[in-house]
1. Out of Thr234, Gly193, Gly205, whose Cα points farthest toward the positive end of the dipole of the range 140-275 (charges: +1 Lys, Arg; -1 Asp, Glu; placed on Cβ)?
2. What percentage of the solvent-accessible surface of the range 47-105, computed with a 1.4 Å probe over protein heavy atoms, is contributed by carbon and sulfur atoms?
3. Stretch Ser324-Asp179 to full length: gain in nm at 0.36 nm per residue minus the Cα-Cα span?
4. Work out how far the C-alpha atoms of the range 126-252 reach from end to end along every principal axis, then list the three figures in whole Å, largest first.
5. Report the full-extension gain for the segment Glu192 to Asp103: residue separation times 0.36 nm, less the Cα-Cα distance, to one decimal in nm.
6. Which peptide among 103-113, 175-185, 124-134 comes first, and what is the full order, when sorted by highest mean count of other Cβ atoms within 10 Å?
7. How big is the charge dipole of the chain about its Cα centre, in debye rounded to the nearest 20, if each Lys and Arg gets +1 on its Cβ and each Asp and Glu gets -1 on its Cβ?
8. How big is the equivalent ellipsoid of the range 4-86 along its three axes, where each semi-axis is √(5λ) from the Cα gyration tensor, reported in whole Å from largest to smallest?
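The values are calculated or read from the model by the stated rules, or taken from the named source; none is laboratory data. Please read all numbers here as calculations on a predicted model, not as lab measurements. We place every Cβ from the backbone using ideal geometry, glycine too, and count neighbours over all the protein chains shown. With ligands, DNA and RNA removed, areas are computed over all heavy atoms of the protein, side chains included. Shrake-Rupley method; radii C 1.70, N 1.55, O 1.52, S 1.80 Å.
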Amino acid sequence: MINLDIYGWNDKLDQLKQQSTPKSLHHGRIAVVHRTCYDVISENGLLHCELTGNMVFGRPDYELPCVGDWVIFQTFEENRGIIVDILPRERTLYRKKSGTISDKQAIASYVDKAFIVQSLDDNFNVRRAERFIAQILEENINAALILNKADIIFDRSKIEEQIKHIACKIPVFFTSIHDRQTIILLRNSIVEGETVVFVGSSGVGKSSLVNALCEEPLLRTSDISISTGKGRHTSTRREMVLMKNSGILIDTPGVREFGLAINDADSLAAILDISDLAKSCRFKDCEHTGEPDCAVLKAVDNGILDPDVYESYLKLQREAWHFSATEHERRKREKSFSKIVTQVKKNKGIS
Ligand SMILES: Nc1nc2c(ncn2[C@@H]2O[C@H](COP(=O)(O)OP(=O)(O)OP(=O)(O)O)[C@@H](O)[C@H]2O)c(=O)[nH]1
Ligand SMILES: [Mg+2]
Ligand SMILES: [Zn+2]
């Protein structure tokens with residue numbers, strides 16, 4: 001019998017289950033998402049589960065089970081089951097579904113920490129890191145930036161300069177799977193019972209880091225060395241593994257783009273260190289795009305706020321707004337917004 005507490009099961013979840021579920025049904029956590037079926041870890045071990053027709057056709061895609069979800073199922077053979085319900089989600093990491101305006105996709109649920117992994121070659125991109133952070137913090141998940149492949153040559157002071165506005169908000173780790181000490185430091189940041197999801201581009205070493213942390217080759221990694229090229233989407237599914245006496249790690253396939261799926265663009269200011277400045281703007285609802293006595297624009301002028309960070313703020317804010325706005329609002333505002341951004345950039349000499 002498996003004690004599901006080590007997978008994060010707790011009294012609160014137990015109460016939720018009691019309230020809504022007949023005693024004959026079981027509970028478990030989604031460990032692997034396949035195309036149409038799921039591996040579910042339960043008290044009786046790993047089960048292969050499918051969804052009831054009601055679930056498949058009665059819910060939008062983003063409400064179908066994702067890795068980390070706690071589900072209720074009925075067994076019908078020794079190691080097979082049918083998922084009939086999902087317990088209410090908490091701390092779910094979403095992203096905008098590629099190719100849509102406002103559809104979202106659930107990446108992982110019941111997440112305590114998200115590790116944004118970038119490698120210290122040309123994958124490193126502070127703007128992309130900000131995008132991940134915005135989405136992660138929106139869900140009340142703790143974020144950390146993992147700069148991997150620290151064994152290759154890179155300019156550490158230049159990188160530190162670029163991420164200083166991030167490093168004062170979230171932990172940053174320089175790691176290498178070839179340097180045990182860096183892996184131990186990362187491991188020490190994970191508390192027992194905590195769920196950690198790894199996100200980032202393909203080939204940055206997410207699966208390699210999971211393996212290094214677990215000290216076992218649990219996940220397939222790219223065999224392409226960094227000298228010959230980047231990884232090529234080696235991981236194809238979201239998968240949860242247990243780190244002995246520690247946390248629960250969720251590996252995800254590399255993403256080409258990570259669109260924001262947030263409704264509240266206000267949180268962006270706090271993340272990008274703009275909210276303190278914004279308190280001094282003349283208008284409470286200042287959008288920092290040309291209003292008189294705008295402290296944010298003044299800070300860009302005086303060199304206090306990096307114009308690149310400011311531009312990133314505008315872009316992310318616009319994207320978040322787009323995601324949450326109705327079709328009508330979108331059309332109405334789009335034209336004026338583009339004009340403002342172009343004007344501000346022109347005034348500030350941002351290319
Ligand atoms: N030099 C160096 N290479 C690394 C490090 N970590 C991973 N790699 C290599 O980078 C390549 C890609 O690693 P993966 O772990 O497959 O990358 P991934 O992020 O899981 O990629 P996807 O599954 O495609 O999203 C492999 O050849 C690894 O051996 C590191 O710290 N240093
Ligand atoms: Mg991988
Ligand atoms: Zn302002």
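1. Selected residue: Thr234.
2. The C+S portion of the solvent-accessible surface of the range 47-105 is 45 percent.
3. Once the chain is fully extended between Ser324 and Asp179, it gains 47.9 nm.
4. 37, 35, 28
5. Gain on extension, Glu192 to Asp103, equals 28.7 nm.
6. Highest mean packing first, the order is 103-113, 124-134, 175-185.
7. 1040
8. Whole-Å semi-axes of the equivalent ellipsoid: 18, 15, 13.
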